[in-house]
Amino acid sequence: MRSKMICAVLAAMGLTLFAAGLASATSVFNRPGNILISDQFNNRVIEVDPVTKNIVWQFGNGSSVAGPYSVVAPNDAQRVGDLTLISGTGAPQGTEPSCMNAPCLDNRVFVVNEAGQIVWQYGKAGVSGSGFNELNTPVQATFLPSKHILITDQANERVIEVNEFRIIVWQYGTTGVTGTGYNELNNPNSAELLENGDILIADENNNRVIEVNRQKQVVWSYNNPDTGLLSGAAFASRLCNGDTLITDSNNNRVIEVDPSGNIVFSYSTGSNTFPTRAIRLCNGNTLISTQFGGQVLEVNSEGTTVLSIGKAGINDNAPGDLNAPYDAKEIGDYVGITPPFGNFFPIDVTLFNPSGF
């Protein structure tokens, strides 16, 4: 019931939330229902019309060198008003033709406008670090209602919350330390703000999902490194009914577990597809990114595919192809990711100081 009520409210809010991004009623950019895809090894973020499958917006010129008009191997993107928050993760060695002898670094989280101009950035292009304004393999970023940004800084083994002035105001995970103890993570892959203020973290290489409070106490967890229930927890989100949707990447499946840890929904994406994101939509369907399956899929509660973008088993840059799609979100649908709790307004770029790019 609560999920349906929230969906109804969000649907009613849709025109207000996204009016700033719509040039007219017929504009295709930023239209609710379009799919925003992080097309990882094509080095781009694209917005796709789900009916025509046409690309209606793109950031990233395909270059494997981080720059003002490029993004290297993005793992995550989120539409906020008419702006787009992008995680420039970087490409591991051997994953792209230009990166065969060494990794291609990006290490930025940034906000771009419709024209493709970067209006705010955290991290320095091509620089790995953990100091002020430095990241090391940022795999996900979430815009918070406070207008802070929550960043999963994977290779630094931490989740950080930064304000508009690039100051870290909260952190979980001890920088550079891998472990399972207090305030320790192992290759975290996502983090989401919950309505109670806690943070839900997919602790990928610890094969677990944990909920931590602001005092850094683990208040809920699914699995632990010894049970084997999960293998490569790539993403997790708390649903409106209190269940948790988990992308169990190495097991090639998406599962929904109740608060007691019982599996109430499971969907197999097929062998060697390695799903990386699963988002529950307002209509009850699940939007899934299959990194090495080459597709973004929307499946219903019976497991029937109702939408596919990309070609099964093909990772390429030909028209209609995707190359390791890591993340996909439906524009205007906040169910299953950090939602607009209370009053929500599109990001105000005038708050952001662009110095230090």
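Would you say residue 199 is touching a residue at least 24 places away in the same chain (Cβ under 8 Å) and under 19 Å from residue 139 (Cα atoms)? Walk me through how you get there before you give the answer.
Working: touching a residue at least 24 places away in the same chain (Cβ under 8 Å): yes; under 19 Å from residue 139 (Cα atoms): yes.
When the stated conditions are applied, residue 199 passes them.
Which condition number does residue 79 fail, the rest of (1) part of a loop (DSSP other than H, G, I, E, B); (2) in contact (Cβ under 8 Å) with a residue 60 or more places away in the chain being met?
It is condition (1) that residue 79 fails.
Out of the residues in the range 172-191 that are touching a Phe, Trp or Tyr at 6+ places or on another chain (Cβ under 9 Å) and outside any loop (DSSP other than H, G, I, E, B), state the one that is farthest from residue 152 (Cα to Cα).
Only one residue fits best here, namely 185.
Let me confirm something: among 147, 216, which residue is assigned to a loop (DSSP other than H, G, I, E, B), modelled with pLDDT under 95 and among the basic types (Lys, Arg)? Steps first, answer last, please.
On the way: 216 fails: modelled with pLDDT under 95.
After ruling out the rest, the residue left standing is 147.
Table: residues versus (1) closer than 24 Å to residue 107 by Cβ; (2) among the hydroxyl-bearing types (Ser, Thr, Tyr); (3) within 18 Å of the chain's Cα centre (by Cα).
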| site | (1), (2), (3) |
| --- | --- |
| 139 | yes, no, yes |
| 169 | yes, no, no |
| 189 | yes, no, yes |
| 205 | yes, no, yes |
| 231 | no, yes, no |
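If you check residue 172 against the conditions, is it more than 24 Å from residue 59 (Cβ to Cβ), in contact (Cβ under 8 Å) with a residue 12 or more places away in the chain, of a type in the set (Ser, Thr, Tyr) and touching a strand residue (DSSP E or B) at 6+ places or on another chain (Cβ under 8 Å)?
It is true that residue 172 is more than 24 Å from residue 59 (Cβ to Cβ), in contact (Cβ under 8 Å) with a residue 12 or more places away in the chain, of a type in the set (Ser, Thr, Tyr) and touching a strand residue (DSSP E or B) at 6+ places or on another chain (Cβ under 8 Å).
Filter the range 41-53 down to residues that are in a loop (DSSP other than H, G, I, E, B) and free of Cβ contacts under 8 Å to residues at least 24 places away in the same chain and give me whichever is nearest to residue 105 (Cα to Cα). Let's see the steps before the verdict.
Keep residues of the range 41-53 that are in a loop (DSSP other than H, G, I, E, B), which gives 43, 49-53.
If we keep only those that are free of Cβ contacts under 8 Å to residues at least 24 places away in the same chain as well, we get 49, 51-52.
On the way: 49: 30, 51: 35, 52: 34 Å.
So, considering only residues that are in a loop (DSSP other than H, G, I, E, B) and free of Cβ contacts under 8 Å to residues at least 24 places away in the same chain, the one nearest to residue 105 (Cα to Cα) is 49.
Out of all the residues in the range 125-140, which are closer than 17 Å to residue 166 by Cβ and either crowded, with 20+ Cβ neighbours inside 10 Å or not charged (D, E, K, R) (or both)? Let's see the steps before the verdict.
Step one: filter the range 125-140 for residues closer than 17 Å to residue 166 by Cβ, giving 125, 127-136, 138.
Listed by number, the residues that qualify are 125, 127, 128, 129, 130, 131, 132, 133, 135, 136, 138.
Can you name every residue in the range 94-113 that is outside any strand (DSSP E or B) and either surrounded by 15 or more Cβ atoms within 10 Å (Cβ to Cβ) or among the small types (Gly, Ala, Ser) (or both)? Quick ask: steps written out before the conclusion?
Here is the first cut: in the range 94-113, the residues outside any strand (DSSP E or B) are 94-103, 105-107, 113.
Answer for the range 94-113, where residues must be outside any strand (DSSP E or B) and either surrounded by 15 or more Cβ atoms within 10 Å (Cβ to Cβ) or among the small types (Gly, Ala, Ser) (or both): 94, 95, 96, 98, 99, 102, 103, 105, 106, 107, 113.
Considering only residues that are at pLDDT below 95, buried (at least 19 other Cβ atoms within 10 Å of the Cβ) and under 18 Å from residue 92 (Cα atoms), which ones fall in the range 312-333?
Matches in the range 312-333: 315 only.
In this structure, is residue 87 part of a strand (DSSP E or B) and at pLDDT 95 or above?
Details: part of a strand (DSSP E or B): yes; at pLDDT 95 or above: yes.
Taking the combined requirement at face value, the residue satisfies it.
Please identify the pairs in which a residue from the range 139-163 that is more than 15 Å from residue 198 (Cβ to Cβ) and touching a residue at least 12 places away in the same chain (Cβ under 8 Å) has its Cβ atom under 7 Å from the Cβ atom of a residue that is part of a loop (DSSP other than H, G, I, E, B) and of a type in the set (A, V, I, L, M, F, W, C), counting only partners at least 6 apart or on another chain.
143/347; 147/347; 157/177
The values are calculated or read from the model by the stated rules, or taken from the named source; none is laboratory data. These figures come from a predicted structure and were not determined experimentally. Neighbour counts run over all protein chains shown; Cβ positions are idealised from the backbone, glycine included.
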